[in-house]
Amino acid sequence: MDAVRNLRKLSRAALLRSATRGTLPDAIEHVAQVHRAHHPRADLDALRRAYVLAESSHRGQTRKSGDPYITHPLAVTLILAQLGAETTTLTASLLHDTVEDTEVTLAQVRDGFGDEVAHLVDGVTKLEKVDYGAAAEPETFRKMLVATGSDVRVMSIKLADRLHNMRTLGVMRPEKQARIARVTGDVLIPLAERLGVQALKRELEDLVFAVLHPEDHRRAQHLVREHTARPDPLTAVAASVREVLRAASVEAQVLIRPRHLLSVHRLRHKRGTLGPSDFGRLLLLVEGDADCYAALGELHTCFVPVMSEFKDFIAAPKFNLYQSLHTAFADADGRVAEVLVRTHRMHRVAEAGVIALGDPHRAAGAADTTADAVAAECADAERADPTRPGWLSRLLAWQSQAADPDTFWTELRDELAEDREITVYPAGDAAGGTPALPLPAGASCVDAAYVLHGEAAHRCIGARVNGRLAALSTALRDGDTVQLFLAPPHTPGAHAPAREWLTHARTPAARIAIRQWLAGHPAEPPAPPRPAPSGAPEAPGRPDRPRRRGGPAAEGPSVVTGHPETPVRLARCCTPVPPDAVTGFPVRGGAVTVHRDSCQTVVRMAAAGRRPVAVRWDKRTAGCRVTLLAEAFGRPQLLADLTETIAAQGAAVISAAVEPPCEQRVRHTYTLQLPDAAGLPALMRAMRRVAGVYDVSRAVHRLPAG
């Protein structure tokens, strides 16, 4: 009996070995041919074994259309193969529904195909409605996006899966078709755009367009049918372009690229009517980057360029890896043609996006197939690892704070609705750790604060943009440098983001953090004013324009001119103090008014022919009076903290004025009596250290011209 059992084991092993090394099943032969066109050296053994497991596990299952279920994973795999996906992605796509819909476990997938395939399959496996109820869909997307954060191929499989489902959506009830189409339009199409998979995006857009806007879709179809029934004027234009480039020895493939239906619909709404040349664009494919500009130069030289249509996405690629030159021209017959100019490599990436980059975990040096060579070139130009573009890093950061599924779902849709991205550069303390900060277009200083500092951004009290003071509501532009000011952690009122910040926040990270703080801190009545410190002025009487005035003015240090009996006054416009360089001018009554040499009044009086008199400081007098201007970001208790600091430095407040706040900025003017002029620098340094104060300077009162 033992011999019989051993013979049976050997027979089964032999059968398994022959199956492993045998020919591919007919069902995946076409997939294999398409795959080999992109990856000639690919080992298809894993692909064959994945099909065998998927077919056997889905056997007996059918789709709502009545087709065998295995047709779905096969179709998804073919879509990815056509886009050039590598073997691991195709293997996972064949198995992507096995764990969700059959008895196959994730552990079995891992044992048979390795950790990478198991991770990809797990990433696209839906969560059970039995366990999650109404939260199943948003939580499934959350799980999928987190998995995408470590391997972007998860999203590639999901996009191909949704495309095939949208192609076969007609068997569903109309209300379910509409629900699936809305989610596709709100979430998956923006994800396809951000990952640069334009080929999938265009078809998904047309399918969603047909479901949600059937009348507009039929009208666009009618326009395209009418156009195709007539000769296409772009055919003659393309021939002219070929002649021009041939004469200039620029090798290029010139193609006519038809617009998809949604693009036709949008252009019709934009222009009102469509001309015969508006149903497509010319696509020029060349070998190298220099050839792109050479072709562009010939087009602009031999035809009449429409310069408003020119965009250079080669020198400045889009955040989704897209590169091309866009232009338009009119030929001798007045026909206007839009043109895209790109290399063959750029075209592949423009169509397939991150799918063209292959395995994100493979080193560029190991690349040896066509698709991997493309990945290596893209890595040189953009990044070695495509799994963490800026928008995805932001998304992964804020999603962990959105515990509520509805909040996550709403913020995800809002985040994905932003279809452009900018890069700003932190200055100051944050610059060392974050050399560049990607943000959605339209993001403000508030957004930058929360992306950089997290919840510590509650203490943000102001910003400088490109070196200039700016309100927190300021919208940032691509290439801006931003410096953010945070109050010290224990400053009273420092942990209080303003409710109006929500109107300036464009990122979910900022909105979620602000809402959470506001929810935990309901509005409270303003705290009573702190008692003024000894030597400080009384509290202001009017909250809208507080002004403080002290008692009688104390005299400043004496100055002599060689005539000790001459009365001397210190000018209020520049409040000179020792050891300032000073100049005196005689005034009515025989007195002399003393100004700092840098005061504009000195220039004006000299220009008017007024003769200065020599003055110097009396070394026997140490005290002085000075006017200081403190510029700060408004916050509670700022005035009290400043006057307390002034008193601590031994200065007496003669008068003080506070201007009304403007864009969260306030200006305080203090006239102070110091016991010793030598203490002025230390006083100004101490005032600058008060939270919110960004500058303290000697006041200069500008006089009207004339």
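Shape verdict for region 390-520, please, from the Cα gyration tensor: rounded (a/c under 1.5), prolate (a/b greater than b/c) or oblate. Oblate.
Database remark: amide H of Arg665 closer than 5 angstrom to the amide H of Gly634 (H placed geometrically; neighbours at sequence offset of 5 or more, or on other chains; Pro and chain starts carry no H). In this structure, the amide hydrogen of Asp695, modeled 1.01 Å from its nitrogen in the peptide plane, lies closer than 5 angstrom to those of Glu631, counting only residues at least 5 positions away or on a different chain.
Once Lys and Arg get +1 and Asp and Glu get -1 on their Cβ, which of Leu325, Gly280, Leu255 lies farthest toward the positive end of the dipole of region 230-357? Sorting the options by dipole projection puts first Gly280. Couplings 3J(HN,Hα) of region 242-255, computed from phi: 4, 5, 4, 5, 5, 5, 8, 6, 9, 6, 8, 9, 10, 10 Hz, in residue order, whole Hz [Karplus 6.51 cos²θ - 1.76 cosθ + 1.60, θ = phi - 60°; x for Gly and Pro]. Give Lys201/Lys270; Lys129/Lys176; Lys201/Lys318; Lys126/Lys201; Lys64/Lys158; Lys176/Lys270 a once-over and call out the pairs whose C-alpha atoms are over 26 Å from each other. The answer is Lys176/Lys270. Cβ crowding within 10 Å ranks Ser444, Ser93, Ser697 as Ser697, Ser444, Ser93, fewest other Cβ atoms first. Under a 5 Å amide H cut-off, with hydrogens placed 1.01 Å from N, Val304 pairs with Ala330 among residues at least 5 apart or on other chains. Value of Rg to Rh for region 273-317, rounded to two decimals, is 1.00; Kirkwood radius and Rg both from alpha-carbon coordinates. Counting neighbouring Cβ atoms within 10 Å and putting the fewest first, the residues Asp26, Asp480, Asp414 line up as Asp26, Asp414, Asp480.
Rule-based calculations on the coordinates, nothing more; no lab input. Computed from a prediction, not measured in an experiment: that's the story for all the values here. Using ideal geometry, Cβ is built from the backbone for each residue, glycine included, and neighbour counts are taken over all protein chains shown.
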